[in-house]
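These notes are about the structure you will find just below.
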Amino acid sequence: MKTYLPYYFRRIGIAFVFVAIILSCIANVNDFLEGFHSGSSRALQQRNGTYVKEEPVGYHVISAELGKTLTWVSLSFSFAGFLLYMFSKEEVEDEFIERLRYMSLAKSLLITWVVTSALLIIHGELQLEGFYILQFQLFLYVVIYNYYKKWKFMVA
Amino acid sequence: MKNTLKVERAKKNITQADLAKLIHVSRQTIHAIEAGKYVPSTVLALKIAHIFETSIQDVFELEESDWKK
């Protein structure tokens, strides 16, 4: 697989993915607080033997509109980060690394198809939306590539 | 395909890192070739043979199983 970008773009890619993770956490802060509150209060009530099912509190630390925007920005950062990582060179780029890239790409494509098809068969409808399938494939590529590079063909 | 890369390196007293630097590849590539996990291209094999001042056949040798593929 042809790589077009210099090595330092790899670090920028990793930074982008971290930004995406942080933005994604912020975008879902309402759900997180909701889950944390209901979980902790249920545990406390169960301990005291006074369990009463509560209505959801409905946290609104950020608005739904902002949450949606942040999700898209996070997804964009994630795509950009993974693509930068994918298309930037290694410190020493050679034919072996190129082969690892091809292998990782083929395997990530295959696994994505298998997982997507399995979800479709099991649930009867697609559980992953288009962009999330692409993101999953990019994520898989990075994981498989690093597994090959650092574990399967590890330098002793 | 088996190879005598490790033996040739020992004869010349060079490390994997030295060899990698000489033929412009990563140390990982040399390790993978030595371990038989990767079969190099003709160009890379020629470079390796050139560094060890020998022929490709002296470094790389086909095995019985290679004919069955």
Under the Karplus curve 6.51 cos²θ - 1.76 cosθ + 1.60, θ = phi - 60°, whole-Hz ³J(HN,Hα) for region B:53-65, x wherever Gly or Pro sits: 6, 9, 9, 4, 4, 6, 9, 10, 9, 6, 9, 4, 5
Candidates per GluC sites (Glu not before Pro) in region B:1-58, loop by DSSP, up to 13 other Cβ within 10 Å: B:E53
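What longest region of chain A stays clear of GluC sites (Glu not before Pro) that DSSP places outside H, G, I, E and B and that have at most 10 other Cβ atoms within 10 Å?
Working: sites that count: A:E91, A:E125, A:E129.
The segment A:1-90 is the longest one with no such site.
What's the longest uninterrupted piece of chain A once you rule out the trypsin sites (Lys or Arg not before Pro) that are loop residues per DSSP with at most 11 other Cβ within 10 Å?
Details: sites that count: A:K2, A:K53.
Result for the longest clean stretch: A:54-156.
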Greater than 27 Å apart at Cα, pairs in A:K152/B:K21; A:K89/B:K21; A:K68/A:K89; B:K6/B:K47; A:K89/B:K2: A:K68/A:K89; A:K89/B:K2
In region A:28-127, the chymotrypsin sites (Phe, Trp or Tyr not before Pro) that fall in loop regions by DSSP, at most 14 other Cβ within 10 Å: A:Y51
Region A:82-133: equivalent-ellipsoid semi-axes (sqrt of 5 x gyration tensor eigenvalues, Cα, Å): 31, 13, 5
Phi to ³J(HN,Hα) by Karplus 6.51 cos²θ - 1.76 cosθ + 1.60 over region B:20-34, Hz, x for Gly, Pro: 4, 5, 5, 10, 6, 10, 7, 4, 4, 5, 4, 4, 5, 5, 4
Alpha-carbon centroid distance for the pair region B:17-69 / region A:100-123, whole angstrom: 33
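Once the Cα gyration tensor of region B:2-61 is diagonalised, what are the square roots of 5 times its eigenvalues, in whole Å and ordered largest first, as equivalent ellipsoid semi-axes?
Working: eigenvalues 38, 35, 26 Å².
They are 14, 13, 11 Å, listed from largest to smallest.
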Table column - 3J(HN,Hα) (Hz), region A:87-94, Karplus curve with 6.51, -1.76, 1.60, x for Gly and Pro: 9, 9, 6, 7, 4, 10, 9, 9
nm² value of the averaged projected area, convex hull over the Cα atoms of chain A: 13.7
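Since every read-out is calculated from the coordinates, none of them should be taken as a lab result. Worth saying up front: this structure is predicted, and the values here are computed from it rather than measured. Virtual Cβ from ideal backbone geometry, glycine too; neighbours counted across all protein chains shown.
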